[in-house]
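Structure, as structure tokens:
The values are calculated or read from the model by the stated rules, or taken from the named source; none is laboratory data. From a predicted model like this one, the values you see are computed outputs, not experimental measurements. No Cβ is skipped: glycine too gets one built from the backbone with ideal geometry, and neighbour counts run over all protein chains shown. Accessible surface areas use protein heavy atoms only, side chains included; no ligands, DNA or RNA. Shrake-Rupley method; radii C 1.70, N 1.55, O 1.52, S 1.80 Å.
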Amino acid sequence: EKDEDNEVMEKFKEVTAESGFGMYVEEDIDLETVESHTTVEIDDDTGDPVRSQMVYVDEHTCIGCTNCAMIAQSTFFMESTNGRARVFDQWGDDDETIQIAIETCPVDCIHYVPYNELIRLEVERREQNINFKARLVNQSDNGRGGYGGGS
């Protein structure tokens, strides 16, 4: 039954990747370069973000499982260079959907952070260097696939 579940999930991923099902992105947003703090809604009266908590993915901890990006498709995407999840639109999905995406993360790499910390983290991320071979999915080193385990 487990293999059957995996096959269904893989088929779902393929279909949604082709169709963009559930994902809303403004046409002028480049997912690879956008920093989510630039998309945060700011209160005109106070100059502060409308929300007090932001969502951030620790890409060094992320294993590229795609769970969050499959569940909350208008908030998370899989960054192509290192195959890690990243937030492109703060609160692009409703609170419950984002919370489910966070709870399904197998390595707990998605965190709520204050706006100022989000800015700092996203600016620091510009120069980060990630070991891309540590990711979980889309590896085919020596034809083994998966997470690089033996036969």
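Quick check on the range 52-68: of everything there that is touching a helix residue (DSSP H, G or I) at 6+ places or on another chain (Cβ under 8 Å) and without any contact (Cβ under 8 Å) to a residue 60 or more places away in the chain, which residue is most open to solvent (accessible area, probe 1.4 Å)? Step through it out loud before you land on a result.
Filtering the range 52-68 for residues touching a helix residue (DSSP H, G or I) at 6+ places or on another chain (Cβ under 8 Å) gives 52, 54-57, 59, 63, 66-68.
Add one more test, that the residue is without any contact (Cβ under 8 Å) to a residue 60 or more places away in the chain, and what stays is 55, 57, 67-68.
Numbers: Val55: 1, Val57: 3, Asn67: 42, Cys68: 12 Å².
Step by step, filter the range 52-68, then rank; the result is Asn67.
On the basis of being of a type outside the set (Gly, Ala, Ser) and modelled with pLDDT of 95 or more, does His60 make the cut?
Values: of a type outside the set (Gly, Ala, Ser): yes; modelled with pLDDT of 95 or more: no.
Answer is no for this residue.
Which of the residues spanning the range 105-114 are open to solvent by less than 50 Å² (accessible area, probe 1.4 Å) and in contact with a helix residue (DSSP H, G or I) (Cβ under 8 Å, 6 or more places away or on another chain)?
Hits for the range 105-114 are Cys105, Ile110, Val113.
With a cut-off of at least 1 residues that are more than 9 Å from the chain's Cα centre (by Cα) and aromatic (Phe, Trp, Tyr), name the strands (runs of 3 or more DSSP E) lying wholly within the range 41-104. It would help to see each step written out before you state the result.
Working: elements: 54-57, 76-78, 85-87.
Result: empty, no element qualifies.
Look at the range 105-116 and say how many of its residues are touching a residue at least 40 places away in the same chain (Cβ under 8 Å) and assigned to a helix (DSSP H, G or I). Give the steps one after another, and end with the answer.
First, the residues of the range 105-116 that are touching a residue at least 40 places away in the same chain (Cβ under 8 Å): 105-115.
Right, trim to assigned to a helix (DSSP H, G or I) and you get 115.
Qualifying residue count for the region: 1.
Just one of (1) at pLDDT below 95; (2) farther than 16 Å from Glu35 by Cα trips up Ser80, so point out which.
Tallying (1) at pLDDT below 95; (2) farther than 16 Å from Glu35 by Cα, Ser80 fails exactly one: (2).
In the range 71-96, what count of residues is obtained for those that are open to solvent by less than 30 Å² (accessible area, probe 1.4 Å) and touching a helix residue (DSSP H, G or I) at 6+ places or on another chain (Cβ under 7 Å)?
Total satisfying the criteria: 10.
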